[in-house]
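Inspection log for the structure reproduced underneath, given as structure tokens.
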Amino acid sequence: MPPVIEWVWLVVALPLAGFAANGLLSLVQPSAKRAVSAIGVGTVAAAFVVTLAIVRGLAGAHASDPFVVTLWQWIPLGDLRVAVAFQVDQLSAVMLLVVTGVGLLIHVFSVGYMRADDGYARYFAYLNLFVFFMLVLVLGANFPILFVGWEGVGLCSYLLIGFWFDVKANADAGKKAFLMNRIGDAGFLIAMFFIFQATGSLAFDEVFARAPRVFAIGGPTITAIALFLFLGCTGKSAQIPLYTWLPDAMAGPTPVSALIHAATMVTAGVYLIARTNVLFAMAPIAGAVVATVGAVTALWAATIALKQWDIKKVLAYSTVSQLGYMFLGVGVGAIASGMFHLVTHAFFKALLFLGAGSVIHALHHAYHATHRHEDAQDMRNMGGLRRWMPWTASVMWLATLAIAGVPGFSGFFSKDEVLAMTFAKGHEHVLFYGLWAVGAVAALLTAFYMTRLMLYTFHGPNRTGAAEQGHVHEAPWVMTGPLVILAALSVVGGVLNLPEVLPQSGWLHHWLEPVTAAGDFFRPDTHLSHGTEWALLGLATVIAGLGIAAAWRFLTPADLKPAAEAPAETGLQKLLLRKWYVDEIYDTLIVRPLVWLSDVVLWRRVDAGAIDSVGVNGSARVARGLGVIGSWLQTGHVGTYVFFFVVGALLLLRAATRF
Amino acid sequence: MTPMLIDLSAPAGITLALLPEIVLTGWALILLLVIGWRHGDPDHHRWAGGFTLVGLLVALGTVLWLWRAGATPDGLPLMIALDGFRWATAAIFLIGGIAAVLLAQGYLGRERILVPEFYALVLFAMVGMLLMGGAADLIVVFLGLELMSLSVYVLAGIKRRSPQSAEAALKYFLLGAFASGFLLYGIALLYGATGTTNLQAIALQLADSEIVGRPMLALGAGMLLVGFGFKVSAVPFHMWAPDVYDGAPTPVTAYMAAAVKAAGFAALVRVALTALGDATAAWQTTVWWLAVLTMVVGNLVALAQRRLKRMLAYSSIAHAGYLLVAVAAATTQGGSAFLFYAFAYTLMTVGAFAVLAAVGRDGESDLLIDDFNGLAERRPWLSFALAVFMLSLLGFPGTAGFIGKWLILAAAVDAGQATLAVMVVGASVLSAGYYLPVIMAMYMKPSERAEVAEGARLARGGRLVVAAAAVVLLLFGVWPNRALDVARDSGRQLAVPGVIIGLPR
């Protein structure tokens, strides 16, 4: 093991130290914003530097096995041995770079964005804590440690969604996210139980080594394990049916949406499947389920994104949709493609969110200056902002071209690769042609709704209000700086994994080979001819162009009215605006019956009626009564005491001598 | 580390082996001599307390020194053992004694009990306890027990002007003398059955199954159990305990509930495991019943108490039941569990009585649990400490009480006594019914008697006891590893080594 890899604990410890320091500051000296910024950004920057050194060491080692750094035994319990151990390999290296790198940029952006907030220190404490848990998640060398990180990021997500908890809607959104994730986590736990029962271990290296011996390929156990793991992923990564928390999660500060709800945490499910790709490779049915859910989610969320007015909601549904692509990728067994889209998406979606944050920041200040209470996130209150915010507008256009899949930009390559791999799998089963078609339609919608967002926000006449226009300004450099860096990455990120028809192709694919090789062993080789590949690339270009052109042609920003004056929507538009009424359906079918059951039956009848009155209070009354009888015997007379003493002694001696 | 071999047949060797006891006895004699002339004014009293404290600390130092040096007998230990169990129990008693003296210093002054002989009696009792924990012979067990008991009889009645205190002392003395008779008779019968009073020699005799089957042996073991059962306040020999604990001055109660009880158990564990380890049939079932009865009765009656001091008295009976479970396991694992639990129990009991002494007045026996209502608002730290003690007594995770109870459960289950383990858990559930209301009163009820909180006073010594006990309980609740290792090693040494040449007859 290269000595530098031994230092991996430092990557994790730095943000934790930042959390401790900032947490303390938030309690004792919340106004020390300079110190808070230095600690919050500094620890993540240092973690990024250490990560670079570790990745360099890893690249130099050309290792085919992961390096496992065991810090200490955590749960030595019978056959179960769980160590606090970190695993450094090619997959965790990619995630480390994304988490610390993009995380660092977002921390810097937050310095500007949150500057005026009273909870500045608390914000950075949470943000550092999040980075800590996310690093534990991607570094964990066994399921329980990964799960600790998994739950920890969920906690931070909850804390940050409800960061402005004095508004009830925000606190509710946090609760919703937390509760929906619990459903998925139950699946994750069940999967872990199955894995331990079958393999007798929870450490990745042991489980993956033993899996081929204990599981039959496509057998019921391995399929159940994979599906339960995927249930966990649908919660964390907002896939059908557990996706509805993510749009609500936009209640948190916008940099949080960029970091947690776009670039890192929500991709944890994709990472989990990549990490356990051996298990999924042995369960082809589960893989097909993952791919199907991914493709359908991609299309479903894209349709909702078409009609949202809240700029962050558009991006939220876009994230759900893009996560669908990643699951489509890892579901068809193209682990590297899924991870590739994860990385490029981290760049351009973080950029889009931060750009949106910059816009919201500007509008918020404008409305604040004129004391008007309008929605600073509603696109109907924007328009023409490119005149005042040229930097933000330009970088967001770059990100839009990337996500829409315009050739040359990063998103073009990653999305095309996912779709191409799906298409290639069509030889095995016709289902995958269908999934490819669904993905292609979703790509068309993606190009359309992103162009719509840009048109309504930055082009056409301004609808903010005459008085406010003078107060709209470009963000300060701490905010635009990270945007520019992310824009550069969004543009050139595609070189990480160029298609095979181009020179220098498939770099990420080769890099991840040590991780994916074991799973690839179980999968039939899929290959596309160069002709098909060129055709698919061409088609992708046409789709992107079509989506952008259609939006440009059919949408007229000039006809929009500010949110306060806008007419109500009808028909399909209303259906999309209300998100297909999924929240309402869930509420009627699941939430209300459950609450009724808990309230009327379980609480009032079972708990209060039976358990409390008979079981708890009844037994307490009996016990107390017996105690009172016992204290009557305590007369205070020595004679009584001697009597009991002698009777006891006689009984004891009788018992002792009768064996 | 090479062990320090001590030849117990040479005067120098026996002196070294008895160093802690000699230090304490000498200290007590000097103290008696000095206070013969100087006992009139509070300054003298303070001096006596300080002097005693130093003596206990020096004794603790010698214990730790001998322990670390690995003192080992050169040959068979005839009268006094040199093993980890002796040092561990000695350390526990001394810690209990130090805490009691620290408490007493402020308390006796406040309650106008200016009797410096108090400290000499504490020292003599301590010598008795150390002998009980270190006895290698039944005669030494008896000597230690009587030395301790006689001192404690007087301590219980040290508040001479209080009729309650005098009544408590008299009851204790009468019943104690009765119990000592049983104990002595038991020793005589054991001697009759085996021809020796040496613990290890008895064990070797019992390798012969003919002797194990003798009714005389069983009768002797039964008599011993009655005697020890009284000292540790096991039901049905417990009835003195609530009255005596209630009537005695609170530092004495703490001393009795913690150190005296632990000493009784130490001797019981030694006799049961070392001498009668091969004759478990003679005592395991009876201990099993004693444990069950003690847990059930102690907890049930504690539930009905409204006065804190009396509730703690019954709680101490209930804890004797848990410790009896460790004995009933009849394994060295049980011995280890006893050591850890006794340590934790000493701290939490002394701590709880210290808080009681701080809040109450005039013997504290009229202090109701309701008087603690709202204490947390005015005395947050004191309340926090009492909450820690209550949770630890309850066996709540995160406290040393939990680890101790867990060890006892593990010992019982590993010894095949699963029913007993279930009983421990059930009894602990009952105990929540009287420990938690104290916490509830302090934190969740409005204050009714402000003067209780206002009047709560802890002298510097008492504050030290409360703070140290709470911190150590929490520390060992989350990081018990080191203490567990010590307890495990010390408990193992109770087993008799396989072959010993040259049996004395």
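B:Leu170 meets all of the listed conditions (1) within 14 Å of another protein chain (Cβ to nearest Cβ); (2) free of Cβ contacts under 8 Å to residues at least 12 places away in the same chain but one, namely (2). For region B:54-90, filtering for residues that are within 23 Å of the chain's Cα centre (by Cα), in a loop (DSSP other than H, G, I, E, B) and closer than 23 Å to B:Ala337 by Cα leaves 3.
Filtering region A:366-388 to residues that are assigned to a helix (DSSP H, G or I) and under 30 Å from the mean Cα position of the chain (by Cα) leaves A:Met379, A:Arg380, A:Asn381. Of the residues making up region B:213-242, not one is more than 30 Å from B:Gly157 (Cα to Cα) and among the aromatic types (Phe, Trp, Tyr).
When region A:449-470 is limited to residues that are assigned to a loop (DSSP other than H, G, I, E, B) and polar (S, T, N, Q), the one that is surrounded by the most Cβ atoms within 10 Å (Cβ to Cβ) turns out to be A:Thr464. Within region B:107-125, the set of residues being in a loop (DSSP other than H, G, I, E, B) and not hydrophobic (A, V, I, L, M, F, W, C) comprises B:Glu111, B:Arg112, B:Pro116. Does B:Phe93 satisfy the criteria of being surrounded by fewer than 24 Cβ atoms within 10 Å (Cβ to Cβ), touching a residue at least 12 places away in the same chain (Cβ under 8 Å), touching a Ser or Thr at 6+ places or on another chain (Cβ under 9 Å) and part of a helix (DSSP H, G or I)? For B:Phe93, the condition - surrounded by fewer than 24 Cβ atoms within 10 Å (Cβ to Cβ), touching a residue at least 12 places away in the same chain (Cβ under 8 Å), touching a Ser or Thr at 6+ places or on another chain (Cβ under 9 Å) and part of a helix (DSSP H, G or I) - is not met. Kindly provide the set of residues from region A:604-634 that are surrounded by 13 or more Cβ atoms within 10 Å (Cβ to Cβ) and either in contact with a helix residue (DSSP H, G or I) (Cβ under 8 Å, 6 or more places away or on another chain) or facing another protein chain (nearest Cβ under 9 Å) (or both), ordered by number. A:Ala620, A:Ala623, A:Arg624, A:Gly625, A:Leu626, A:Gly627, A:Val628, A:Gly630, A:Ser631, A:Leu633, A:Gln634, listed by residue number.
Let's see how each residue does on (1) over 21 Å from B:Val296 (Cα atoms); (2) in contact with a Ser or Thr (Cβ under 8 Å, 6 or more places away or on another chain); (3) among the acidic types (Asp, Glu):
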residue: B:Met311; (1), (2), (3): no, no, no
residue: B:Gly321; (1), (2), (3): no, yes, no
residue: B:Thr331; (1), (2), (3): yes, no, no
residue: B:Tyr345; (1), (2), (3): no, no, no
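Of all residues in region A:635-659, those being under 20 Å from B:Trp289 (Cβ atoms), within 7 Å of chain B (Cβ to nearest Cβ) and touching a Phe, Trp or Tyr at 6+ places or on another chain (Cβ under 9 Å) number 8.
Here the helices (runs of 4 or more DSSP H) wholly within region B:293-399 that include at least 3 residues being touching a Gly at 6+ places or on another chain (Cβ under 9 Å) are B:308-328, B:332-359, B:380-394. Return the residues of region B:197-217 that are surrounded by 14 or more Cβ atoms within 10 Å (Cβ to Cβ) and acidic (Asp, Glu); say none if nothing qualifies. Listed by number, the list is empty, since nothing qualifies. Taking region B:289-299 on its own, how many of its residues are touching a residue at least 24 places away in the same chain (Cβ under 8 Å), farther than 14 Å from B:Tyr435 by Cβ and facing chain A (nearest Cβ under 10 Å)? Residues that pass the stated criteria total 4.
Screening the candidates A:Glu474, A:Glu468 for the property of being among the acidic types (Asp, Glu), more than 29 Å from the chain's Cα centre (by Cα), within 26 Å of A:His107 (Cβ to Cβ) and at pLDDT below 95 yields one hit, A:Glu474. Whenever a residue of region A:280-309 is at positive phi, it has no partner that is acidic (Asp, Glu) and outside any helix (DSSP H, G or I) lying with C-beta atoms less than 6 angstrom away and at least six residues away or across chains. Of all residues in region A:633-654, those satisfying the criterion of being at pLDDT 85 or above and among the hydrophobic types (A, V, I, L, M, F, W, C) are A:Val638, A:Val642, A:Phe643, A:Phe644, A:Phe645, A:Val646, A:Val647, A:Ala649, A:Leu650, A:Leu651, A:Leu652, A:Leu653.
Here the helices (runs of 4 or more DSSP H) wholly within region B:418-505 that include at least 1 residues being more than 27 Å from A:Arg624 (Cα to Cα), hydroxyl-bearing (Ser, Thr, Tyr) and modelled with pLDDT of 85 or more are B:481-492. Only one of the numbered conditions (1) in contact (Cβ under 8 Å) with a residue 12 or more places away in the chain; (2) in contact with a Ser or Thr (Cβ under 6 Å, 6 or more places away or on another chain) is not met by B:Ala304, and that is (1). Evaluated against (1) under 15 Å from B:His238 (Cα atoms); (2) more than 7 Å from chain B (Cβ to nearest Cβ); (3) among the aliphatic types (A, V, I, L, M), A:Val601 falls short on exactly one condition, (1). I'd like to know if region A:134-147 contains one or more residues that are surrounded by 19 or more Cβ atoms within 10 Å (Cβ to Cβ), over 16 Å from the mean Cα position of the chain (by Cα), of a type in the set (S, T, N, Q) and modelled with pLDDT of 90 or more. Checked region A:134-147: at least one residue is surrounded by 19 or more Cβ atoms within 10 Å (Cβ to Cβ), over 16 Å from the mean Cα position of the chain (by Cα), of a type in the set (S, T, N, Q) and modelled with pLDDT of 90 or more.
Scanning region B:225-254 for residues that are more than 10 Å from chain A (Cβ to nearest Cβ) and closer than 17 Å to B:Arg270 by Cα yields B:Phe228, B:Lys231, B:Val232. Number of residues in region B:184-204 that are closer than 24 Å to B:Leu76 by Cβ and either within 13 Å of chain A (Cβ to nearest Cβ) or free of Cβ contacts under 8 Å to residues at least 12 places away in the same chain (or both) equals 4.
For region A:150-158, the criterion of being over 14 Å from the mean Cα position of the chain (by Cα) and in a helix (DSSP H, G or I) is met by no residue. Condition check for A:Arg523 on (1) under 29 Å from the mean Cα position of the chain (by Cα); (2) buried (at least 16 other Cβ atoms within 10 Å of the Cβ); (3) farther than 19 Å from A:Thr303 by Cα; (4) at pLDDT 85 or above: one failure, at (4).
The values are calculated or read from the model by the stated rules, or taken from the named source; none is laboratory data. Nothing here was measured: the structure is a model prediction, and the numbers come from that model. Glycine gets a Cβ as well: all are built from the backbone with ideal geometry, and neighbour counts include every protein chain shown.
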